[in-house]
Amino acid sequence: MICRLLREVRKYGGFLSKEGDKLRLEQSEPIPEPLKEQLRTHKKELLAVLAYEEEAKKRKWLALPDGMGFEKRLSPSSAIYIFREDDGSYTVWRGTWGDQTRPYSEKTIIEGVDFKTAFDKANNYIQWFQKKG
């Protein structure tokens, strides 16, 4: 739901940001009232996703579009991802690529957890990977 709302806002040239406990909507085109109402209804969840983005960016994670999750490179051919699932839970996944479009190695590290658990697990995995390498 949250990812869909963020995509809808972007379709109208809009952008949401967090200012304390308020959502700030910047827009280049008028946003329909039903969409504005959905933003009000899901304000708490939207603020949480925007707060997660702030936290992740501080640790040098790349935010994926529309609140879908985050990416961090482990090496030139390997990355770790934190994906937001439709139910609001998070999955941490690692993939390694060669010249293929599909990863030749992949691993689900943890799934079905809250953001903090996923973020901590992903960062712990990165530390382990760096020590190992």
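The values are calculated or read from the model by the stated rules, or taken from the named source; none is laboratory data. Since the structure is predicted, the reported quantities are computational estimates derived from the model, not experimental observations. Here Cβ is always computed from backbone atoms with ideal geometry, including for glycine, and neighbour counts include all displayed protein chains. Each accessible area value is taken on the protein alone, full model and side chains, heavy atoms only, with ligands, DNA and RNA left out. Shrake-Rupley method; radii C 1.70, N 1.55, O 1.52, S 1.80 Å.
Under 8 Å for C-alpha pairs, at least 6 residues apart: give me the relative contact order for the range 1-100, rounded to a whole percent. Reported relative contact order: 18 percent. Over the C-alpha trace of the range 8-133, radius of gyration and Dmax come out as 16.6, 53 angstrom. Here the label points at S17 and D120, each 7 Å from Cα along the C-beta direction, are separated by 3.1 nm in the simple model. Taken as Cα centroids, the range 98-133 and the range 37-54 sit 25 Å apart, rounded to the nearest whole angstrom.
Working from label points 7 Å from Cα in the Cα-to-Cβ sense, the A51 to Y104 distance is 4.3 nm. Gain on full extension, evaluated as 0.36 nm per residue between T96 and S28 minus their Cα-Cα distance, stands at 20.6 nm. A 1.4 Å probe run over the chain, with the rest of the protein chains in place, finds 63 Å² accessible per residue.
Using a probe radius of 1.4 angstrom, the carbon and sulfur fraction of the accessible surface of the chain is 49%. Rounded to the nearest 500, the 222 nm mean residue ellipticity of the chain from helices alone is -12500 deg cm²/dmol, with -39,500 (n - 2.57) taken per DSSP H run of at least 4 residues.
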